[in-house]
Structures are given as C-alpha cells and as structure tokens.
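Below you'll find the structure, written out as structure tokens, and then a few comments.
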Amino acid sequence: MPAIYPDSRLPIHSRPSAALGVLVCEHNGNPPFAESSFIRRLNLIGAAEGLTLFAFSPWTWDAHTDSVKGWVWNERKQLWVSSKYKLPTVVYDRSWPETEKEKQRYQLALQRIRAVKRITFLNNQLPNKEKVHQLLLQERALRPILPPTMLYKGPESLVSWLRKQENSAFLKPVAGSQGRRVIAIVRSQDGMLTLSGRHSDNRPFTLNRVNEAEALQRLDGWIGKRRYIMQPLLELKGLDDEPFDLRALMQKNNKGRWTLTGIAARVGAPGTVTSNLHGGGIAASAKEALTTVVGEQRGSELLQEINKMCFLIVTRLEQSLGRFAEIGLDYGVERSGKLWFLEANSKPGRAAMGSAGKEAAHKAAEQPLSYARSILLRPPGRVIHEFDHL
C-alpha cells in the first residue's frame, strides 16, 4: 500500500501537558521528514508507555489557536497521519535542515514561538567543536585524550601547523556533523601535498601530489568563510587500513541519572578518511574491533577507560552548558592502544547501537521517552537530582 499523508481538519487535540513534540523539518515527499524510521519507533514505544508523541515543524505553529500540524504514525494503516495538536510544552529536537535557507526558516520559527511561549527542550545544544574542546580542557583528567587543536586562520596557519605536526593535518568544520567537509592533508618529502576528504554531500575525494602553493590556495577557497579547526592526523585505522572509531551513547534514565547505553565501533572503507555511517561506514562490535586492532587485554582496558571518560565528559558539559538528555561521544584508538576523544554530538544517531546488543538498541530509543515522561509528569516544584551518580 503506498503511503499517503492526509492533512486533516479535525478539532485540535487537547493533551498539551502530557505530549512530547519531536521537532523536524517537514518537507514534501515520502516520508515527510528525515529520520522517519526512528521517529516511527518513538511513536510505537511512546504509545505502549502511554505517552502522546507527534512530530512537527515549528513553522506550522498557529499563534491564534496555539496549535501545530503534528504527524503520528498509524501502525494499523502503515502510514503517517497529520492532525492539529496543541503546542507541546516539552520538545525533542531531531531536526535536520538540509539547506541554509531551511536552517534560517527553522530558527526564525523557533524564535517566534519562544518569544511568547515557554517550551522545554529535552536536550540542550552543544556549542561548536572548538568551544567544546576548550570546556573539556578544564577537566585535568581529560587532557591526555584531547588532541591538540587550533583554529584555521588561512594558509599560513596551516603551513605552521604542518611544520609542528610532522607534515600532516586533519581539518574539520567547527559546526559540521556526519563527517561532511572534513579533509586530511599529508605533505611528502618533496613538498607535494595529498588531500583527501569528503564533500558536503559526503562523497569522498582525493587529490594526489598537488603543488603546495596551489593546494593551499584551493583549500582556502574550499573552506571560504567557514570556521575550521586543525588537529593532528591521527592513525585511527584497523589492520587493513580501514578507518574506525567508537561511538558511545550516554543517556539519562527516568530518574534523571546518566547511563552508558552502549559502545559500538564504526568502520569505514579502506583508504577513506572517516568511518561515519552516513559516509558509508558500517557498525561493528566494539569489543571485537578493539581485540582485532590492539588485542583482547588492551581492548578490555580501553572499554573500561571509555566508560570512565564518558561520565567525566557529560558531567563537565552539563555543568557548563545546562541540562542534556543524551550525548553521543566519539573516540579513536591508535594501533599502539592510545585513546583519543574526537567529538561530542547532541543529536546522536542510533544505527550503530544495534552492534552494541539488543538491550542497547532498545534503550537508545526508549530512554529519551522515559526521561521525557518523567519531566512531563513531574509534580510542580519537584526537582530531579541529575547528578546523583557522582
């Protein structure tokens, strides 16, 4: 049966106090927004737990009726159905604006709502990668796993960085995600540069042995006005030269306490520079991947170390930035067994968690809802102590 998306004119549903809204960027097509499979799963879990949940775009808000166009998955009919809902008081941001124009539309719509309405975001937003790095440097125990990091300030800054970092560098946008627009640079003994990375649509590219002056000029034009950070080109590869990293998913439970949902490995194609699933990588067992690269004993030690680091990181971020419900944390491991923290993500994906086990895969979708439900049903004046794990 083909999916249809009826835009009904039914009376507005009146369940604002017990509804969770999932923020999306609605568009024409099938399905009507990104991450529809994940949001459909949220609908099903929410329904089983008695939680009203619908997806909506902020620009559908009608100030006169205080309503939005909400989408709910109808399991019996196997299609998305839209209706009018009261603006929810708690929202879960899973929006993915595809263009700068759509990003501006989304932000302006949210500003319009927040100017007159009070809504609670289930998850806070992280600042850019440079600011996150500076925040984490304040935690002494984290410094050994944080790669040296500097802002890109033009070709001269990169030349200086290459000199300091043994003729290689890794550049990534401070506001980027999913491995897009990253670039690895290697300078050979004769001064020629090889550039490899990914375009904005995640397609890989390689430029072999380019004259340094030309390469720096082309790279600077490619970066344009975007802000980039420079880091060492870490050797985060498996035995077959395939890039791999580890994704740890930290989430709050229904008591507001941080828990480690799971750790999964992400493995890219040999010769590429990233392992992100959006860029063609595959998920694998973290334990098996680590055992293959560094051996069983060191692999087990690394998993314990990552567990410890995860709680330190989310605590530091939350103390500085406010409440979060979940954060994805990415780590890299060199063949020597050296652990590095790569970056944090406040809109973590779920695909890799299937490789961390069935329980982790279920919790990855269920825990944001149980945490949201605890907020929605919290008696006025009651405070959940969210640092009880310390």
> Which one of the conditions (1) under 22 Å from the mean Cα position of the chain (by Cα); (2) surrounded by 17 or more Cβ atoms within 10 Å (Cβ to Cβ); (3) farther than 22 Å from Tyr371 by Cβ does Phe54 fail to meet, given that it meets all the rest?
Replying inline: (3)
> Could you say which residue among Ala364, Ala360, Ala372, Ala352 is of a type in the set (Gly, Ala, Ser), in a helix (DSSP H, G or I), surrounded by fewer than 20 Cβ atoms within 10 Å (Cβ to Cβ) and not assigned by TED's automatic domain parsing to the domain that holds Glu49?
Replying inline: Ala360
>> Cβ-Cβ under 6 Å, sequence separation 6+ or interchain: first residue in the range 32-50 and surrounded by 21 or more Cβ atoms within 10 Å (Cβ to Cβ), partner in a helix (DSSP H, G or I). Which pairs?
In response: Gly46/Leu369
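Sort through Asp66, Asp7 and tell me the only one that's acidic (Asp, Glu) and modelled with pLDDT of 95 or more. I'd like the intermediate steps shown before the answer.
Numbers: Asp7 fails: modelled with pLDDT of 95 or more.
Residue meeting the stated conditions: Asp66.
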> Take the residues of the range 34-55 that are outside any helix (DSSP H, G or I) and small (Gly, Ala, Ser): which is modelled with the highest pLDDT?
Replying inline: Ala55
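What do you reckon, is Gly322 assigned by TED's automatic domain parsing to the domain that holds Leu142 and on the phi < 0 side of the Ramachandran plot? Let's see the steps before the verdict.
Values: assigned by TED's automatic domain parsing to the domain that holds Leu142: yes; on the phi < 0 side of the Ramachandran plot: no.
Taking the combined requirement at face value, the residue does not satisfy it.
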> Taking the range 292-314 as the region of interest, how many residues are within 19 Å of the chain's Cα centre (by Cα) and surrounded by fewer than 17 Cβ atoms within 10 Å (Cβ to Cβ)?
Replying inline: 3
> Taking interchain pairs and intrachain pairs at least six residues apart, which have beta carbon atoms under 7 angstrom, with the first residue in the range 338-351 and closer than 29 Å to Leu42 by Cα and the second assigned to a loop (DSSP other than H, G, I, E, B)?
Replying inline: Ala344/Leu126; Asn345/Ser177; Ser346/Asn123; Ser346/Asn124; Ser346/Gln125; Ser346/Leu126; Ser346/Phe324; Lys347/Arg94
> Residues of the range 64-97 being in a strand (DSSP E or B), in contact (Cβ under 8 Å) with a residue 60 or more places away in the chain and not aromatic (Phe, Trp, Tyr), which ones?
Replying inline: Lys69, Leu79, Val81, Ser82, Ser83, Lys84, Lys86, Val90, Val91, Asp93
> Any chance the range 56-63 includes a residue that's at pLDDT below 95 and not in a helix (DSSP H, G or I)?
Replying inline: no
>> Being of a type in the set (Ser, Thr, Tyr) and either in a loop (DSSP other than H, G, I, E, B) or within 17 Å of Leu122 (Cβ to Cβ) (or both) is the filter here; which residues of the range 318-349 pass it?
In response: Ser336, Ser346
> Mind checking which pairs have a first residue in the range 206-219 that is in the same structural domain as Val186 (by TED's automatic domain parsing) and a second that is part of a helix (DSSP H, G or I), Cβ under 6 Å, 6 or more apart or different chains?
Replying inline: Leu216/Pro155
> Can you tell me how many residues in the range 156-169 are outside any loop (DSSP other than H, G, I, E, B), of a type outside the set (Gly, Ala, Ser) and within 13 Å of Arg187 (Cβ to Cβ)?
Replying inline: 6
> Can you tell me which of Pro144, Pro148 is under 27 Å from the mean Cα position of the chain (by Cα), assigned to a helix (DSSP H, G or I) and of a type outside the set (D, E, K, R)?
Replying inline: Pro144
> Quick one: which of Glu318, Glu288, Glu305 is acidic (Asp, Glu) and touching a residue at least 60 places away in the same chain (Cβ under 8 Å)?
Replying inline: Glu318
>> One residue is enough: does the range 164-184 have a residue meeting the conditions surrounded by fewer than 12 Cβ atoms within 10 Å (Cβ to Cβ) and over 25 Å from the mean Cα position of the chain (by Cα)?
In response: yes
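The values are calculated or read from the model by the stated rules, or taken from the named source; none is laboratory data. For clarity, every value in this text was computed on a predicted model and none was experimentally measured. Neighbour counts run over all protein chains shown; Cβ positions are idealised from the backbone, glycine included.
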